[in-house]
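What follows is a short report on a single structure.
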Amino acid sequence: MAVGLPAAEPVLTDATGAEERVAPRRFLRAVRRNRKAVAGAVILLVMVFIAAFPGLIAPDDPQATAYAPNLLPSWSHLLGTTQIGQDVFSQLIYSTRLTLWVTLVVSVIATIISMIVGVTAAYAGGMTDRVLTVVTDVFLILPVLPLLILLAAYLPPGVTSLVIVLCITSWAFQARQLRSQALSIRNRDFLISARVRGERPLYIILVEIVPTMTSLLAASFLGLAVFVVGFAASLQFLGLGNSSELMWGTMLYNAQQAAALEAGNPWWALAPGAAVALLGAGFALLNYAFDEIGNPALRPVRRRRGRTAA
């Protein structure tokens, strides 16, 4: 018995290491086989390329007023021109960068806030949990759009104010989910061992709890991105942004102010609206795909070819 014990340990270690190496490959293979994941990834990669290299796609300076106003779509101007002679297609391409930047920054910051509030409330418990839960519930029951308008009205128009407003109002729902998940693992053995070792609460939260919630954090980020894309454009469409900044929401606002639909220039308004919907669809498809990959019950049933019903 004594001779066999040392020989068994390397075998278990090798098996564990093999599983750790195979797990990322299985995940990537599952992503490649999921149509929603592929479609969402393609949409986001195209958007990232456009945002990184707008000059390779846009034919003109988006702020140049060098053409006749309200031109119809043509080979020279794929989406026509604005009421002051700017190329709409060039504005659409250059607006992708700032729109995507705001979406990613707000989603990351709001996810971090929700993680800190939710996990801290669950782990600390007691008065800390009650206070943070009440604050979260207050933000959950407040009507989002009126609150966004109220906050934006007292801040100077611009991207910075837009980021602040969206970060303040978009973290509560995810914090509630993360708190529930953290409560389910609060009394696990590995957390009890960390407390017995004398680890600090900050270490336990960041090193022991947060890594076990990676999939939920990814889902929270993607869900927030869908929310931010739509509400950022809504705020700017309502006139709460800076109309001189190139974003899809400001394009919608400028088109509405110039009565683009009545002037026979519908693509000035339809193109940025379609871009907002497309970017939101890309994040949503990835979110649905990760849910299907993580939960086999949500995966679509594939029919087996070559078999007939009995």
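Since every read-out is calculated from the coordinates, none of them should be taken as a lab result. Given the structure is predicted, the values throughout are model-derived calculations rather than measurements. Here the Cβ positions follow ideal geometry from the backbone for every residue, glycine too, while neighbour counts run over all protein chains shown.
Can you give the FRET efficiency to the nearest 0.05 for Ile149 and Arg195, using r as the Cβ-Cβ distance and R₀ = 41 Å?
With R0 = 41 Å, the Cβ-Cβ based efficiency is 0.35.
Work out the FRET efficiency for Arg130 and Leu202 from their Cβ-Cβ distance, taking R0 = 22 Å, and round it to the nearest 0.05.
Taking R0 as 22 Å, the efficiency between Arg130 and Leu202 is 0.60.
With r as the distance between the Cβ atoms of Asp291 and Ala259 and R0 = 45 Å, compute the FRET efficiency 1/(1 + (r/R0)^6) and round to 0.05.
With a Förster radius of 45 Å, E is 0.60.
Just how far, in whole angstrom, is segment 260-288 from segment 170-216 if you go by their alpha carbon centroids?
The two parts, judged by their Cα centres, are 39 Å apart.
Before anything else, pin down the relative contact order of segment 79-231: Cα pairs under 8 Å, at least 6 apart, normalised by residue count, whole percent.
35 percent
Considering Cα pairs under 8 angstrom that are at least six residues apart, work out the relative contact order of segment 117-170 and quote it in whole percent.
26 percent
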